[in-house]
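Written out below as structure tokens is the structure these notes cover.
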Amino acid sequence: MPQLDVLDGENNKVGDISFDPVVFDAKVNNHLIKQCVVLQRATRRLGTASTKSSYGQLSGSGKKPWRQKGTGRARVGKTRSAIWRGGLTIFGPTPRDYSFKMNKKARRQALRSALTECFRGDHIAVIDKIVLDHPKTKEAVGVIKALGLPEKTLFVTAGKNKNLELAVRNLPTVNVLPVEGVNVYDLLFHEKIVCTSEAIKGLEERLK
């Protein structure tokens, strides 16, 4: 059964923890990992691009600019035609929803695969608890430096940690997620995943 050291806030070993191989030593499915990342990125797309693709959306007259015959110019029905400046747009983008669905079993397997990759790549660290006296960025930076963490760090907690969440808001590449919010995209984006002991147990219960 895979194991890791449990550290305190000053990077000293205070114990060790065993990992459930079902969650942290699973068979890696790269296809599901990619599909899950594409899903998350597609869900975050606003899809608000919009063009005027029908005459009803345009302002202006529908009057024929000149008579049909006798002027020596091309026949024109209205100035809001797509070939005129200021006219409608043909096949332009309209508001749409880019999201799609993955079944629950596939999403759970993708998350197991991502956690396994993180564990095998030595990207997971375990800390006994994360306690900040005040919600200050300075205190969060102190913890990051004491543990020797990289810029892109994800803290995973068993529940809400208000002080930590507020303290890292000014650090653009540092995030905090509860066990319920852990996802494939954030696991792959961050260089180090710092979990509390309780968070590890919560992940195992969630994904068994």
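Might you let me know whether segment 47-62 holds any residue that is surrounded by 15 or more Cβ atoms within 10 Å (Cβ to Cβ), of a type in the set (D, E, K, R) and in contact with a strand residue (DSSP E or B) (Cβ under 8 Å, 6 or more places away or on another chain)?
If we filter segment 47-62 for residues that are surrounded by 15 or more Cβ atoms within 10 Å (Cβ to Cβ), which is where we start, we get 52-53, 58.
Filter again for of a type in the set (D, E, K, R), leaving 52.
Subsequent filtering for residues that are in contact with a strand residue (DSSP E or B) (Cβ under 8 Å, 6 or more places away or on another chain) retains none.
No - not one qualifying residue is present in segment 47-62.
Looking only at residues in segment 156-208 that are acidic (Asp, Glu) and in contact with an Asp or Glu (Cβ under 8 Å, 6 or more places away or on another chain), which one is farthest from LYS104 (Cα to Cα)? Lay out the reasoning, then the answer.
Residues of segment 156-208 that are acidic (Asp, Glu), as a first pass: 165, 180, 186, 191, 198, 204-205.
Narrowing further to those that are in contact with an Asp or Glu (Cβ under 8 Å, 6 or more places away or on another chain): 191, 204.
Values: GLU191: 26, GLU204: 16 Å.
Filtering segment 156-208 for residues that are acidic (Asp, Glu) and in contact with an Asp or Glu (Cβ under 8 Å, 6 or more places away or on another chain), the one farthest from LYS104 (Cα to Cα) comes out as GLU191.
Evaluate the following for ASP122: is it on the phi > 0 side of the Ramachandran plot, more than 19 Å from the chain's Cα centre (by Cα) and not hydroxyl-bearing (Ser, Thr, Tyr)? Let's see the steps before the verdict.
Working: on the phi > 0 side of the Ramachandran plot: yes; more than 19 Å from the chain's Cα centre (by Cα): yes; not hydroxyl-bearing (Ser, Thr, Tyr): yes.
Judged against the criteria, ASP122 is a match.
Tell me, please, whether a residue that is under 21 Å from the mean Cα position of the chain (by Cα) and closer than 30 Å to GLY47 by Cβ can be found in segment 82-94. Step through it out loud before you land on a result.
As a first pass, look at segment 82-94 and keep what is under 21 Å from the mean Cα position of the chain (by Cα): none.
No, segment 82-94 contains no residue that is under 21 Å from the mean Cα position of the chain (by Cα) and closer than 30 Å to GLY47 by Cβ.
Inspect all residues belonging to segment 187-194 and state whether any of them is part of a strand (DSSP E or B) and in contact with a helix residue (DSSP H, G or I) (Cβ under 8 Å, 6 or more places away or on another chain).
So far as segment 187-194 goes, yes, one or more of its residues are part of a strand (DSSP E or B) and in contact with a helix residue (DSSP H, G or I) (Cβ under 8 Å, 6 or more places away or on another chain).
Quick test for you: out of LEU111, LEU166, pick the one residue that is within 30 Å of GLN35 (Cα to Cα) and among the aliphatic types (A, V, I, L, M).
On the way: LEU166 fails: within 30 Å of GLN35 (Cα to Cα).
Going through LEU111, LEU166 in turn, just one is within 30 Å of GLN35 (Cα to Cα) and among the aliphatic types (A, V, I, L, M): LEU111.
Taking LYS192, is it at pLDDT 95 or above and either touching a Leu at 6+ places or on another chain (Cβ under 9 Å) or assigned by TED's automatic domain parsing to the domain that holds ALA110 (or both)?
Working: at pLDDT 95 or above: yes; either touching a Leu at 6+ places or on another chain (Cβ under 9 Å) or assigned by TED's automatic domain parsing to the domain that holds ALA110 (or both): yes.
Answer is yes for this residue.
Go through (1) more than 30 Å from VAL22 (Cα to Cα); (2) in contact with a Ser or Thr (Cβ under 6 Å, 6 or more places away or on another chain) one by one and return the number of the condition SER99 breaks.
Checking SER99 against (1) more than 30 Å from VAL22 (Cα to Cα); (2) in contact with a Ser or Thr (Cβ under 6 Å, 6 or more places away or on another chain), the one that fails is (1).
If a residue must be exposed (fewer than 13 other Cβ atoms within 10 Å of the Cβ) and touching a residue at least 40 places away in the same chain (Cβ under 8 Å), how many such residues does segment 130-175 contain? Talk me through it step by step, then tell me what you get.
Our first condition is that a residue be exposed (fewer than 13 other Cβ atoms within 10 Å of the Cβ); within segment 130-175, this holds for 131, 133-134, 138, 145, 148, 150-151, 159-160, 162, 170, 172.
With touching a residue at least 40 places away in the same chain (Cβ under 8 Å) added as a condition, the list becomes 131, 148, 150-151.
Adding up the residues that qualify gives 4.
Can you name the residue in segment 99-119 that is surrounded by 20 or more Cβ atoms within 10 Å (Cβ to Cβ) and under 16 Å from the mean Cα position of the chain (by Cα) and is also nearest to ALA140 (Cα to Cα) among such residues?
Going through the qualifying residues, I end up with LEU115.
Yes or no: GLY86 outside any helix (DSSP H, G or I), of a type in the set (Gly, Ala, Ser), modelled with pLDDT under 90 and touching a helix residue (DSSP H, G or I) at 6+ places or on another chain (Cβ under 8 Å)?
Values: outside any helix (DSSP H, G or I): yes; of a type in the set (Gly, Ala, Ser): yes; modelled with pLDDT under 90: yes; touching a helix residue (DSSP H, G or I) at 6+ places or on another chain (Cβ under 8 Å): no.
When the stated conditions are applied, GLY86 does not pass them.
Return yes when VAL156 is in the same structural domain as SER18 (by TED's automatic domain parsing), under 28 Å from ARG41 (Cβ atoms) and assigned to a strand (DSSP E or B) and no when it is not.
Details: in the same structural domain as SER18 (by TED's automatic domain parsing): yes; under 28 Å from ARG41 (Cβ atoms): yes; assigned to a strand (DSSP E or B): yes.
Here the answer is yes, as VAL156 does meet what is asked.
So, VAL143, is that one part of a helix (DSSP H, G or I) and over 24 Å from PRO2 (Cα atoms) or not? Explain how you work it out, then say what you get.
On the way: part of a helix (DSSP H, G or I): yes; over 24 Å from PRO2 (Cα atoms): yes.
It is true that VAL143 is part of a helix (DSSP H, G or I) and over 24 Å from PRO2 (Cα atoms).
Do we have PRO150 as at negative phi, assigned to a loop (DSSP other than H, G, I, E, B), in the same structural domain as VAL37 (by TED's automatic domain parsing) and touching a strand residue (DSSP E or B) at 6+ places or on another chain (Cβ under 6 Å) here?
Values: at negative phi: yes; assigned to a loop (DSSP other than H, G, I, E, B): yes; in the same structural domain as VAL37 (by TED's automatic domain parsing): yes; touching a strand residue (DSSP E or B) at 6+ places or on another chain (Cβ under 6 Å): yes.
Yes.
Taking only segment 102-122 into account, find how many residues are assigned to a loop (DSSP other than H, G, I, E, B) and touching a helix residue (DSSP H, G or I) at 6+ places or on another chain (Cβ under 8 Å).
Within segment 102-122, the first condition is being assigned to a loop (DSSP other than H, G, I, E, B), and the residues that meet it are 102-103, 121-122.
From the residues that got through so far, the ones that are touching a helix residue (DSSP H, G or I) at 6+ places or on another chain (Cβ under 8 Å) too are 102.
Of the residues in that region, 1 qualify.
The values are calculated or read from the model by the stated rules, or taken from the named source; none is laboratory data. Nothing here was measured: the structure is a model prediction, and the numbers come from that model. We place every Cβ from the backbone using ideal geometry, glycine too, and count neighbours over all the protein chains shown.
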